[in-house]
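These notes concern the structure reproduced below.
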Amino acid sequence: MTTTPKRHHVVPRFFLQRFALGNQVELVDRHDRTKRITTSVEKALAYKHFYSVDTGSGRNTTVERLFATHIEGPAKRAISRIVDEKRSCSLPGLRRPLATFLAFQYVRGPGVRFATVEFFKAIGQKTALMMTPDLARRGLRQVKGIEPTDDEVDELLAFAHDPTQYSLSVTSEESLHLGWALQAALEVIPYFEQRCWQLLTFDQPILSTGDEPISLIGTSLEPGEPLGLATAPAVVFPTDPRHALVMVRPDKTRVERRDKGTPEMAQMINRHIAFCSHRFIVQHPGTDPLKGISLPGKVEPTRIQGDYVILQPKLSRKGERQIKGPWDRCS
């Protein structure tokens, strides 16, 4: 346990270093790309206590140590050997650690945390909107210890049914996010490991990354399609400004290879990474991978429709219109 404020990187320092010039990277505001700062790898994408859980008697650093020792360390070695030493992606000793890292990175970031918290709050709001007189009476009875009056029940119902009268918050965003994310990461490892891996190499340092450095690519090649890890035709992860790991769904190809990347490929990858980023895009100082790139609008990560609370992270407005499901009948 510790009470000392610690800053945790939402992507590993070794990974940021791969995009650095010396020890510096350029951060670009995802929502206003005219705002840019150059900062050290040590300070970039670091947040206080992002991975330490407040237990009431101090901060538990178990998750932080898990990431550093069992996830990031093996992944650093695997990326170096696959990308820098040009070893085969198919070697189990390299593939498994990197797939594990990608699975954890996919769920550990600030965008996923924001979506998780908003989803939890939306469920709370929906629950309040569905409150009945009987539930209100029972709740007041438990709190007050006596039978509530009809006026008290009516007052509580009116309050619960009017979301403009209150706001919901989560007392421990770390616990909510990490409690779900750790289990989810273990379940999605196969969706990375069992894909066909292809490493693209670019002549120039023209790739960017961000605080959500993994992106799903669909058939339209447009960011924000309604995709999941199981259904996405491709998953892309830039490892540095000159290399990107592309993991293709196995029914699309069985070929694993190294290939030369084109400027058009780089632009598509950069659009997807920028779209998926939560707050910051990261790029190598002196480069401008986002030049001339436009991004589609991103919708809120949750919405209430009819009897459903819908989680829709990293979805564009066009992608939202493509979604079909039982809630459509509630419109």
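With 25 Å as the limit on Cα-Cα distance, the pairs of LYS6/LYS121; LYS76/LYS298; LYS291/LYS314; LYS260/LYS291; LYS76/LYS260; LYS6/LYS291 that go past it are LYS6/LYS121; LYS76/LYS298; LYS6/LYS291.
Computed from Cα atoms, the angle from the helix 150-160 axis to the main principal axis of the chain rounds to 20 degrees. Mean-square fluctuations from a GNM of the chain, with a 10 angstrom spring cutoff on Cα atoms, peak among ILE269, ILE71, ILE146 at ILE146. Averaging 1/r over every pair of different alpha carbons in the stretch 160-288 and inverting the result gives a Kirkwood radius of 16.6 Å. In terms of overall dimensions, the stretch 251-326 has a Cα radius of gyration and Dmax of 16.8, 50 angstrom. Between the residues LEU16, LEU135, PRO110, the greatest Cα displacement towards the positive end of the dipole of the stretch 1-146, with unit charges on the Cβ of Lys, Arg, Asp and Glu, is found for LEU135. Assuming 1.306 mPa s and 10 °C, estimate D for the stretch 95-165 with Stokes-Einstein, Rh taken as the Kirkwood radius over Cα pairs, in µm²/s. It comes out at roughly 105 µm²/s. Karplus-based coupling profile of the stretch 171-182, in residue order and whole Hz: 6, 9, 5, 4, 5, 4, 5, 5, x, 7, 5, 4, with θ = phi - 60° in 6.51 cos²θ - 1.76 cosθ + 1.60 and x standing for Gly or Pro.
Put in order of Cβ neighbour count within 10 Å, fewest first, the listed residues PHE50, PHE120, PHE101 become PHE120, PHE50, PHE101. Dividing the convex hull volume of the alpha-carbon atoms in the stretch 241-283 by its residue count gives 92 Å³ per residue.
If you run the Gaussian network model on the chain, springs between alpha carbon atoms under 10 Å, then out of HIS49, HIS177, HIS161 the most flexible one is HIS161. Rg then Dmax, both in Å and based on the Cα atoms of the stretch 7-311: 22.4, 75. Near the amide H of PHE280, within less than 5 Å, lie the amide hydrogens of ARG30, ASP211, all on another chain or at least 5 residues away, with H placed in the peptide plane.
Rounded to 0.05, the FRET efficiency of the PHE159 and ASP54 pair, given R0 = 25 Å and the Cβ-Cβ distance, is 0.25. Its residue count N fixes a reference of 2.2 N^0.38 Å for the stretch 206-267, and the Cα radius of gyration divided by that reference is 1.11.
This ranking places SER316, SER40 by how few other beta-carbon atoms lie within 10 Å of each, fewest first, which gives SER40, SER316.
Couplings for the stretch 209-220, taken from phi via the Karplus curve 6.51 cos²θ - 1.76 cosθ + 1.60 with θ = phi - 60°, read 9, x, 6, 10, x, 10, 10, 9, 10, x, 5, 7 Hz in order; Gly and Pro are left as x.
With neighbours defined as other Cβ atoms within 10 Å of a residue's Cβ, the residues TRP197, TRP180 order from fewest to most as TRP180, TRP197.
Based on the alpha-carbon gyration tensor of the stretch 16-126 and its eigenvalue square roots a ≥ b ≥ c, which shape applies: rounded if a/c is under 1.5, prolate if not and a/b is larger than b/c, or oblate? In terms of gyration-tensor shape, oblate. The angle between the Cα long axis of helix 92-108 and the main principal axis of the chain comes to about 40°, on a 0 to 90 degree scale. Remark: the LYS126-SER80 segment gains 11.8 nm on full extension, using 0.36 nm per residue and subtracting the alpha carbon distance. Converting phi to 3J(HN,Hα) with the Karplus coefficients 6.51, -1.76 and 1.60 and the offset θ = phi - 60°, the stretch 14-27 yields 4, 6, 4, 4, 5, 9, 8, 10, x, 10, 10, 10, 9, 9 Hz in sequence order, with x at every glycine or proline.
Of all the options THR201, THR132, THR116, the one that moves most in a Gaussian network model of the chain with Cα springs shorter than 10 angstrom is THR132. Taking 7 Å steps out from each Cα toward its Cβ at HIS70 and ARG87 produces label points 2.2 nm apart.
Just so you know, all these numbers are worked out from the coordinates, no wet-lab data involved. All values derive from a computational prediction rather than experimental measurement. All Cβ positions, glycine included, derive from the backbone under ideal geometry; neighbour counts span all protein chains shown.
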